[in-house]
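Working notes, structure below.
The values are calculated or read from the model by the stated rules, or taken from the named source; none is laboratory data. What you see is a predicted model, and the numbers here were worked out from it, not measured in a lab. Cβ sites come from the backbone with ideal geometry, for glycine too, and all protein chains shown count toward neighbours.
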Amino acid sequence: MAYAIEAEGLVKTYPDDVRALDGLSVTVGPGEILGLLGPNGAGKSTTVKILTTLVRPDAGTATVAGHDVLRRPDRVRRAIGVVPQRSGADPDASGRDNLVLQGRLYGLGGTAARRRAAELLERFGLAEAASRPVRTYSGGTQRRLDVALGLVHRPEVLFLDEPTTGLDPEARASMWAEIARLAGDDALAILLTTHYLDEADRLARRVAIVDRGRVVAEGTPDALKGELRGDAVHVECAEAPAEPLAREALGRVPGVRDIVVDGPRLSVRADDGAAALPGVLAALDQAGILAAAATVARPSLDDVYLRYAGRRFAQANQADAGPLPAGPPPAGPSAESSARAATGGGAR
Amino acid sequence: MSALLAGTWWMTHRRLSALARKPAVLVLTLVQPMIWLFLFGQLFRKVVELPGFGTGSYLDYLVPGVVVMNAVSLNSFAGMATIDEIERGTLNRFLVSPVRRSAIMNAGVVEQAVSTAFQSLVIIALGWAAGARYPGGAAGVAVLVAMSVLVGIVLAALSNTLALLVRDRNTIIGLNIMLLLPLTFLSSAFMAKDLMPGWMRDVAAGNPVSWALDAGRAALAADPDWGSAAAHAAPLLALTAVTVGLAVFSLRSYQKSQ
């Protein structure tokens, strides 16, 4: 078996003519974490629903753990663990009862189910909360239980659908540590969907960027960022300039390339961003374009996204999904700066 | 087959544990039938004096009516819990597990059956305490409880079907409001069929609530008419099978639509 997950040309159109997937292909190797990165509505959740046998695609094929999702959904279900966006745990039952029942549903005997539940409660720091009803859990505790529920039957492939959405920063960090440990210790193949750029950057060995139902770029976070060569210079204008005017002005600055004009936000790329910045500002000033703010950033996945999807991540999120879910701001400045911090640290 | 049985068992176990954690709900929902029993018992006490009603005590006649009306009312809200489970992601958690689809539905049916049977027995006991008598004895009571369970399963299956297809709480409430009164008053629940206007008698004859009551009352009589009980129970049983089938089908349709 070459791949833990292999999907080819998935197409899914919903009754209201929304084309959720438009020929999406993706592979995940054994023991690998693949980050499926994209804004809300890009098709990540539909991909997970198809690969976990919840939904049948209109076209395309997929195998998970070597089993065809359309022909042998029963075998796929035994091989996968799913941590969905919505918990699904019984709120009035205790964490332990939820885990034991989950074990029984996957065919574990009574003793085995209880032992496995105790093991997971210990491992995920839930021992103290084990006997309390799940509805009393905090967001982070609940999420750890969700992951434990997905692991009860020791799956070969794990699906994590936006595992940290809505968590506070501390709970997020501890969830990240947990996920990294899963792939390391358990050699699980993991498909992680996220709309947090820093999350994909930090956890995934390989990232597939999804936009409008297709994978638009794929590779290791470093390789994707490496393709961009150089720093990004972002300029926020007081008001949106005329595009040709802005392009022409920026085009005159030596060493500047990849000009993107996106309303009042202008972006260019330069080998040394700090050195190019004065020239950029001067050129804009000369053209009568008033700059309100400027930043220089090491390449981040946000830049990769901008390059392949032709729009900014935060914008795509807003355009496709309206108001964002509660929780920390999922993209934009904060995600970018932490992605930058991760890159700047040079850990990878 | 054993996978289906094990799945049904654990899914049912889950449902009944939830019920056992909140026994107050079962008792609280009994308040309404108690009020019916008291109000209708007082209000219509004298209708038995009408020529042709055919029974001496209205309370004797009323208890089966309230038992079945309660089964209709209680179970038409079953879809609410289903919508909760859809929104919470619980249903999807089971759909990605090896549990059979029919086990998920079976568990719902067993839960409705257990809670309906429990409430029916309480109403029958309270009716007895208030002075109602059941000459048919234990066998008669058992048939009445079984009929209330079947009516309950039919309503629960319809309610779940709506929940899976429409996924809207107001529709479920609408089902209860729209069906409860017509189903019970256009039946032999509170009034002997022979005393109804002609059109109403025709409607009542085709009403599953009447089938349940006619079967139950036939079995509760001093001299049980088992032939009549069976003749009314059979179409009810068939209807139960059809509606449960419909609910399983709507589960598949739910899966396609998400």
Got at least one residue in region A:88-99 being within 14 Å of chain B (Cβ to nearest Cβ) and basic (Lys, Arg)?
-> yes
If we only count helices (runs of 4 or more DSSP H) wholly inside region B:159-258, which ones have 3 or more residues that are closer than 22 Å to residue B:76 by Cα and among the hydroxyl-bearing types (Ser, Thr, Tyr)?
-> B:226-257
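So that you can scan it fast, the table gives a plain yes or no per residue for (1) polar (S, T, N, Q); (2) touching a helix residue (DSSP H, G or I) at 6+ places or on another chain (Cβ under 9 Å); (3) more than 24 Å from residue A:30 (Cα to Cα):
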| residue | (1), (2), (3) |
| --- | --- |
| A:55 | no, yes, no |
| A:59 | no, no, yes |
| A:65 | no, yes, no |
| A:68 | no, yes, no |
| A:73 | no, no, no |
| A:79 | no, no, no |
| A:86 | no, yes, yes |
| A:93 | no, yes, yes |
| A:99 | no, yes, yes |
When residue A:126 is evaluated against the numbered criteria (1) within 11 Å of another protein chain (Cβ to nearest Cβ); (2) within 27 Å of residue A:165 (Cβ to Cβ); (3) aliphatic (A, V, I, L, M), which criterion, by number, is the only one it fails?
-> (1)
Pairs, first touching a residue at least 24 places away in the same chain (Cβ under 8 Å) in region A:4-28, second part of a strand (DSSP E or B) and among the acidic types (Asp, Glu), C-beta under 6 Å, six or more apart | A:25/A:8; A:27/A:6
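Look through B:187, B:210 and report the one residue that is polar (S, T, N, Q) and over 13 Å from the mean Cα position of the chain (by Cα).
B:187
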Conditions (1) modelled with pLDDT of 95 or more; (2) within 14 Å of chain A (Cβ to nearest Cβ); number of the one not met by residue B:238 | (2)
Result of the Cβ filter at 8 Å on region A:33-56, keeping first residues that are under 15 Å from residue A:8 (Cβ atoms) and within 14 Å of another protein chain (Cβ to nearest Cβ) and partners that are β-branched (Val, Ile, Thr) and part of a loop (DSSP other than H, G, I, E, B), at least 6 apart or interchain, is A:50/A:69; A:51/A:69
Can you confirm whether region B:213-236 contains a residue that is more than 19 Å from residue B:55 (Cα to Cα), aliphatic (A, V, I, L, M) and touching a Phe, Trp or Tyr at 6+ places or on another chain (Cβ under 8 Å)?
-> yes
Of all helices (runs of 4 or more DSSP H) fully inside region A:169-242, the set with 2 or more residues that are more than 30 Å from residue A:11 (Cβ to Cβ) and either hydroxyl-bearing (Ser, Thr, Tyr) or at pLDDT below 85 (or both) is A:169-186, A:221-226
Positions within region A:64-87 being among the acidic types (Asp, Glu) and within 11 Å of chain B (Cβ to nearest Cβ), in sequence order | A:74
Scan region A:70-83 and report the pairs whose first residue is of a type in the set (D, E, K, R) and whose second residue is part of a helix (DSSP H, G or I), with Cβ atoms within less than 9 Å and a gap of 6+ or a chain change.
-> A:77/B:95
Go through region B:1-119 and tell me which helices (runs of 4 or more DSSP H), entirely inside it, have 2 or more residues that are facing another protein chain (nearest Cβ under 10 Å) and under 28 Å from residue B:237 (Cα atoms).
-> B:2-21
Sort out which residues of region A:238-254 are without any contact (Cβ under 8 Å) to a residue 40 or more places away in the chain, under 34 Å from the mean Cα position of the chain (by Cα) and surrounded by 14 or more Cβ atoms within 10 Å (Cβ to Cβ), and write them in order of number.
-> A:240, A:247, A:250
Is it the case that region A:150-161 has a residue that's surrounded by 22 or more Cβ atoms within 10 Å (Cβ to Cβ), among the hydrophobic types (A, V, I, L, M, F, W, C) and assigned to a loop (DSSP other than H, G, I, E, B)?
-> yes
Residues in region A:100-117 that are basic (Lys, Arg), more than 10 Å from every other protein chain (Cβ to nearest Cβ) and crowded, with 19+ Cβ neighbours inside 10 Å total 1
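Quick grid of which residues meet (1) modelled with pLDDT of 95 or more; (2) of a type outside the set (Phe, Trp, Tyr); (3) surrounded by fewer than 23 Cβ atoms within 10 Å (Cβ to Cβ); (4) not in a strand (DSSP E or B):
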| residue | (1), (2), (3), (4) |
| --- | --- |
| A:3 | no, no, yes, yes |
| A:16 | no, yes, yes, yes |
| A:39 | no, yes, no, yes |
| A:56 | no, yes, yes, yes |
| A:74 | no, yes, yes, yes |
